[in-house]
Amino acid sequence: MAYLNGIFVPNIVPYDENNQINEGELRRIVDWLIKKGVHGLYPNGSMGEFIRLSFEERKRVISIIADEVDGRIPILAGAAEGNIDLVIEMCEHCADLGCRAVSLTGPYYYNVTQESIETYFREIAKRSPIDMVLYNVPPLASEISIPVLSRLAMDCPKIIGTKDTSRDFCRFINVINEIKPQRPDFSVLIGWEELMVPALHMGADGGTLSTAGVAPELILSIYQACQNGDWDEARDLQYRLLELFQTLLRAGNFPSGFRSGYEIRGFTTGPARYPDSPEEEVLKNELRKNLACLLEVTGSAGAPCALPAWAPKPTFHTATKNTTSSSNPSKEMVERIVRDTIDKLG
């Protein structure tokens, strides 16, 4: 079994009226997600706006969450920093708090070679007191090539997995095929909602999925359907997820849409650390109405749908099932026709 399995939630950080971390509301979000059944938490990722927090604020976020979790589920904590010494300090902080592992992106801002990236992770792996998951997110940080990732997985016991948010499914399955035969316990996690079912079908161990913080019921239902081998149900739910995910992404500067989703679910989030323009605020308020309706129809009700004529977009899978059921005879119908024919012949 892989080191990390299931759905880890990259949660937001709520702020108070002074734009400071709202500890009480953060604790309430954590407890709510645990009671919903998520398998782990992933603080200080992109959803938590880690890059917009000070180093001390990032440490405080993990301290609050670890205290509230109190060992109930594992924590995969973001520990990406601008230099190795700060990374190690954050790794030590997370280890002292009992986190299961830390997540590290490739170096960001500067473009560096793959040789340098490999050296970077080997140095951290030698010094870190806690296990590491390497996070591949090429739009925001240096890509970690498959050959580099594979060598690190084989040579460094503290590197226990990878998360991929590249949206490159070919790369994703090649990572599984390259590493899993030699190291089956290496965790491979998908970080992009639109690829959830394909990734799980091809052997992913789970996902770190931001939508799980807004609609944990839907994401957990998809995961469970995949675990049960109910791929027909999983495909149906995956198609239903698409409109919700795209709406969350469109609602203002990331992660404003997701913060709106938390508000619909009953939490006071405060504004994101980066302001939306007046035009984006108007768009966000319009999309928020759609979000409430989408959450309601996907079984994640919060604020009621206030658009009387609203309906979700039809999905390919639902349309296919409806077409199939109307044009093809059911098993029961075929059996009845056979029995009638036999009776007549007899």
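The values are calculated or read from the model by the stated rules, or taken from the named source; none is laboratory data. Everything numeric here is computed off the predicted structure, so don't read it as measured data. Neighbour counts are summed over all protein chains in view; Cβ atoms, including those assigned to glycine, are modelled from backbone coordinates with ideal geometry.
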Among ARG171, ARG167, ARG183, which is under 13 Å from the mean Cα position of the chain (by Cα) and either buried (at least 24 other Cβ atoms within 10 Å of the Cβ) or touching a residue at least 24 places away in the same chain (Cβ under 8 Å) (or both)? ARG167
Failed item, numbered, when LEU294 is tested on (1) touching a Pro at 6+ places or on another chain (Cβ under 8 Å); (2) on the phi > 0 side of the Ramachandran plot: (2)
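If you scan region 43-63, which residues turn out to be in a loop (DSSP other than H, G, I, E, B), touching a Phe, Trp or Tyr at 6+ places or on another chain (Cβ under 9 Å) and not small (Gly, Ala, Ser)?
Residues of region 43-63 that are in a loop (DSSP other than H, G, I, E, B), as a first pass: 43-49, 53-54.
In the following step, the residues that additionally are touching a Phe, Trp or Tyr at 6+ places or on another chain (Cβ under 9 Å) were identified as 43-49.
Correct list: PRO43, ASN44, MET47, GLU49.
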Region 46-79 - residue that is in contact (Cβ under 8 Å) with a residue 12 or more places away in the chain and among the small types (Gly, Ala, Ser) and, of those, surrounded by the fewest Cβ atoms within 10 Å (Cβ to Cβ): GLY71
If ASN111 satisfies all but one of (1) in a loop (DSSP other than H, G, I, E, B); (2) in contact with a helix residue (DSSP H, G or I) (Cβ under 8 Å, 6 or more places away or on another chain); (3) among the polar types (S, T, N, Q), what's the number of the condition it fails? (2)
Out of region 81-108, which residues are assigned to a loop (DSSP other than H, G, I, E, B), among the small types (Gly, Ala, Ser) and modelled with pLDDT of 95 or more? GLY98
Condition broken by THR113, with the remaining ones in (1) surrounded by 16 or more Cβ atoms within 10 Å (Cβ to Cβ); (2) over 25 Å from MET202 (Cβ atoms); (3) not hydrophobic (A, V, I, L, M, F, W, C) satisfied: (1)
In region 243-283, what residues are at positive phi and in contact with an Asp or Glu (Cβ under 8 Å, 6 or more places away or on another chain)? GLY252, GLY270
Can you tell me which residues in region 7-45 are under 19 Å from TRP192 (Cβ atoms), aliphatic (A, V, I, L, M) and in contact (Cβ under 8 Å) with a residue 40 or more places away in the chain? ILE7, VAL9, ILE12, VAL38
Quick one: ASN253 ticks every box in (1) farther than 29 Å from VAL148 by Cβ; (2) touching a helix residue (DSSP H, G or I) at 6+ places or on another chain (Cβ under 6 Å); (3) surrounded by fewer than 19 Cβ atoms within 10 Å (Cβ to Cβ); (4) of a type outside the set (Lys, Arg) except a single one, so which number is it? (2)
Pick from region 262-318 the residues that are farther than 21 Å from SER46 by Cβ and of a type in the set (S, T, N, Q): which of them is modelled with the highest pLDDT? THR268
